[in-house]
Amino acid sequence: MERDLFANRITVKELPEVWNQSYKKYLGVTVDNDSEGVMQDTHWAGGSFGYFPSYALGNIYGGQMLTAMEKSMPEWRKQLAKGNFNDVKQWLNKNVHSQGSLYDPADLIHRIAGTRLDVKPFLNYLNKKYSELYGF
């Protein structure tokens, strides 16, 4: 929709209708009103177009970071279960937060994970999580 809006293939006035049609087509969901439809995207109101891909990239990077953290701290989940957030916070501070402004994202994830952008760790995380939840 953003591309169509910028290419003048649709107008701002048409966004609610296009949103609703897309939700029905792709998700099978009927939108009852604009607050449940097009207006739920707060990024557009703030002028942050092109924002949705950053969620996907963040999830992919997160999967790689989680895999890297698990390699260096296999007991991190047990620590969190005990209320100890310190080890995870220190790992993130050392490997991510203190490095983030020094490198472009592609270079930073390579430094952290040892690989370039790779969706497999995120997909593995999703598969493990949902197979445990739903027993498949």
(request) Collect the residues in the range 11-38 that are without any contact (Cβ under 8 Å) to a residue 12 or more places away in the chain and farther than 12 Å from Met1 by Cα, keeping them in residue-number order. (result) Lys13, Lys24, Lys25, Tyr26, Leu27, Gly28, Val29, Thr30, Asp32, Asn33, Ser35, Glu36
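The rows are residues; the columns are (1) closer than 30 Å to Leu108 by Cβ; (2) more than 23 Å from the chain's Cα centre (by Cα); (3) at pLDDT below 90.
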position	(1), (2), (3)
Ile10	no, yes, no
Glu14	no, yes, no
Trp19	no, no, no
Thr30	no, yes, no
Asp41	yes, no, yes
Tyr51	yes, no, yes
(request) Please state which one of Arg77, Arg9, Arg111 is in the same structural domain as Lys129 (by TED's automatic domain parsing) and loosely packed, with under 12 Cβ neighbours inside 10 Å. (result) Arg77
(request) Could you list, in sequence order, all residues of the range 12-44 that are surrounded by 13 or more Cβ atoms within 10 Å (Cβ to Cβ) and closer than 20 Å to Tyr55 by Cα? (result) Trp19, Ser22, Tyr23, Glu36, Gly37, Val38, Met39, Asp41, His43, Trp44
(request) Considering every residue within the range 49-69, establish whether at least one is in contact (Cβ under 8 Å) with a residue 24 or more places away in the chain and farther than 27 Å from Tyr125 by Cα. (result) yes
(request) Would you check if there is a residue in the range 106-122 being at negative phi, part of a loop (DSSP other than H, G, I, E, B) and of a type in the set (Asp, Glu)? (result) yes
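The values are calculated or read from the model by the stated rules, or taken from the named source; none is laboratory data. For clarity, every value in this text was computed on a predicted model and none was experimentally measured. Virtual Cβ from ideal backbone geometry, glycine too; neighbours counted across all protein chains shown.
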